[in-house]
Structures are given as structure tokens and as C-alpha cells.
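Reviewing the structure listed below.
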Amino acid sequence: MSRKRPVAIAVTALCLLAAGCADSSTETAGDKSPKSGSGAGPGSGSGYPVTVENCGEKQTFTKAPERVVVMNGASVAEVSSLLALGLGDRIVANQQSYGRSEVKGRAEAIKALPTGDVKPNEAYDIPREAMLGLRPDLVLSITSYGFDAKNGFATRDDLSSVSANSYISPQGCADDPSRMSVADSHTLLRDLGKIFGVSDRAEKLIAESEKHIGTISAKVDGEEKPNVMVLFSNMVMGGNDFSSIVANGIINDILTKAGGSNAFANSSRNTFADLSKEKVAATSVDALVVVSYNDPDPEAYAEKLLKEFPQWPAAKNKTYTVLSDSIYLGPSNDVAVDKLARTLHPDAF
């Protein structure tokens, strides 16, 4: 099965994957935060107005947003972060989904969110008139792509004219996610915490994530770093046989923290490498990571690749894992670090 996407959206996607860990602090605290309607909800304090500097624009909030629209952008970072902060009831339209998650209950929670009955345009996202018709007070986009009039989207000026704020996630200003790191996931949480008046929740999640990552990284410190191939399951982004191989971005930071290295990091300056089958076959791959993006059977795709390249150490040792949202920008990168470290260095645990 081949799942085609426009190159601009595919590059925006970046990376996604991971398998859950029951003892993850992000999992236990993330989507189980108090709902925004309970107790002292978002915006109930005296901290407003607040101003967030975002991609060269100042966005001022006089209260916590109540009508949030989450654009697709082949991302799940923004909706996952909102859910982790207990802000799901503020979403009036969500276009993001990876179909599965390493965090228990998150995929189901995302599926249950309202979509606004929006029909996406040819750029796979919310068209301008439909966006304005949703009457948002905040619109979230993974990169500046989501506010480009050339793509048929409402611009930030369009939104401002109807009293709606807009927010572009970290490293998205230039529509280049190749420079993303785990620190950007924490910046996203911190900014949303400020915008919604729940900075305490955001800082708690960040502290738990940093502690968990530090613990895992310490266990694999000094170990030999396996060469890891990361690619999207059944995804076509370019002209070669393998066009969805991750070369740069947040996944490389996660791999490093998990005691691994990207086997194709030098294959491209962009987020993704577009490589021939011969190039892939000639590269020694110690471990395979398949990113599941709305693929019903990514495990079958991983098994197929291992059979296709039996010369890989990964094939000989059957070393692979499937990840989804935790290896992407978002609140659960510590889950990906944990899962990958256990896959790459099982004897350390």
C-alpha cells in the first residue's frame, strides 16, 4: 500500500514513532491531567493578559482560548500536547491523527475530538473559508505552511482580523523541521502552558520527561551506538524506492538519548532522504525503526523490509520496533527514548 502526500506536507511531518512504557512519567501524568473544567481551570487566575512571541509576531491573550482549531500538517504534536495538559475540551476542530499512540488512551481520545465537519482541501488541511467559519480564537499549526494563502489557508492576518490568535510550533517558522530537538517539545508545552494559564501543569510534564530521559540515557551511557534506520511505513514522498527515510530532526536527538545513531544522517540536509534501493542495501543497519502514520499494519512492513535486506545485522538479529507519536514533536519523547533504548540495548535493563 502506498500513501502519497504532497512533498511540502510530507516534509512538515518530520517524524513519529515509539512504543509505550507503563512506568513512563509522561504516560501517567500526560493525558490524565485534570480536565480544564475542573477546579481552577485554565485562565481562572490573574495572569492575563499574556503575550507570546511567535515567529516574529506578538500574540496577546486576554484570557485562555476557548475555541481552538488544530490544523493537520501531518503532525500530532499540537493535539497531543493539548490533551497532555488537560485541554481537550477547548478544541472545536481537530485535523490531526496518527491512528495509534504509545500513550494509553491517547489515540482513542484524539479520535473522539470534534473535527468541525471540515472537508480538507487539496493541501490536506482546513481551507480558508471553513477555518473562518469555525470562529476560532486560537489556531495551531506545526509550521508556517498552515498559514500560507498559496495553499488555500487562512493567513495569520486573516485570523487576526476576526480576533483569532495563531501559533506556529517550535522550528516551524521557516517550515523546516529538520532542526527540531526534544527541547522544542518542551518549548511547545511551555508556550501552551502560558497561553492557557496552566504553566504549572506544563512544567510538571517537562520535569518528569527530563527526569525519565536522564535515567534512561544514564543506563546506556558508554555503550556502542548501533546504526539505526528510521522510516515511515508505506509512505511515498519522492522518486526513489526509499523516499521516507528520516535523515535529520527530532528523531536524531531521541536516538542519541537512547544510545543510537542514525545510519542515514549524512544522506541529506533535509528532514528526509530520498534513496535508491542500492544505497539502502549498501548501508549497514543494526536496528530498524518503522514510524506508523495511519498504517493499519506497520509491523508487517517492518518484517517485509528485514526479509528484503537479509544482510543487515538488524535482519539477522530481528532487531526492530514500531513507533508513532512519541518519536515526533510532542509531550511524550521520553516514551520513545525508553522504548528505543530497550530495543537497542536490552542488556542494560
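The values are calculated or read from the model by the stated rules, or taken from the named source; none is laboratory data. These numbers come from a predicted model, not from an experiment. So basically every Cβ, Gly included, is an ideal-geometry build from the backbone, and we count neighbours across all protein chains shown. All accessible areas refer to the heavy atoms of the entire protein, side chains included, with ligands and DNA or RNA removed. Shrake-Rupley method; radii C 1.70, N 1.55, O 1.52, S 1.80 Å.
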- Item | Residues (in a helix (DSSP H, G or I) and within 20 Å of the chain's Cα centre (by Cα)) located in the range 212-232 | His212, Ile213
- Message: So in the range 318-349, with the set limited to residues that are without any contact (Cβ under 8 Å) to a residue 24 or more places away in the chain and out of contact with any helix residue (DSSP H, G or I) (no Cβ under 9 Å at 6 or more places or on another chain), which one is surrounded by the fewest Cβ atoms within 10 Å (Cβ to Cβ)?
- Response: Asp347
- Query: How about the range 145-166: which of its residues are buried (at least 17 other Cβ atoms within 10 Å of the Cβ) and part of a helix (DSSP H, G or I)?
  - Reply: Tyr145, Gly146, Phe147, Asn151, Arg156, Asp158, Leu159
- Residue, nearest to the chain's Cα centre (by Cα), within the range 283-304, restricted to residues that are assigned to a helix (DSSP H, G or I) and without any contact (Cβ under 8 Å) to a residue 60 or more places away in the chain: Glu299
- Quick one: count up the residues across the range 293-317 that are out of contact with any Gly (no Cβ under 7 Å at 6 or more places or on another chain), closer than 30 Å to Leu140 by Cα and either surrounded by fewer than 20 Cβ atoms within 10 Å (Cβ to Cβ) or not charged (D, E, K, R) (or both). 4
- Task: May I ask you to verify whether Ser178 is in contact (Cβ under 8 Å) with a residue 40 or more places away in the chain and surrounded by 23 or more Cβ atoms within 10 Å (Cβ to Cβ)?
- Result: no
- Mind checking which pairs have a first residue in the range 222-249 that is among the basic types (Lys, Arg) and a second that is open to solvent by 30 Å² or more (accessible area, probe 1.4 Å) and at pLDDT 90 or above, Cβ under 6 Å, 6 or more apart or different chains? Lys225/Ser261
- Task: For residues that are among the hydrophobic types (A, V, I, L, M, F, W, C) and within 13 Å of Asn72 (Cβ to Cβ), scanning just the range 114-146, find the one that is farthest from the chain's Cα centre (by Cα).
- Result: Ala130
- Item | Residues located in the range 98-143, provided they are open to solvent by 40 Å² or more (accessible area, probe 1.4 Å), hydroxyl-bearing (Ser, Thr, Tyr) and farther than 14 Å from Val69 by Cα | Tyr124
- Query: When the range 141-177 is examined, which residues are found to be small (Gly, Ala, Ser), on the phi < 0 side of the Ramachandran plot and out of contact with any helix residue (DSSP H, G or I) (no Cβ under 8 Å at 6 or more places or on another chain)?
  - Reply: Ser144, Gly146, Ser160, Ser161, Ala164
- Item | Lone unmet requirement of (1) in contact with an Asp or Glu (Cβ under 8 Å, 6 or more places away or on another chain); (2) surrounded by fewer than 16 Cβ atoms within 10 Å (Cβ to Cβ); (3) not aliphatic (A, V, I, L, M) for Asp200 | (1)
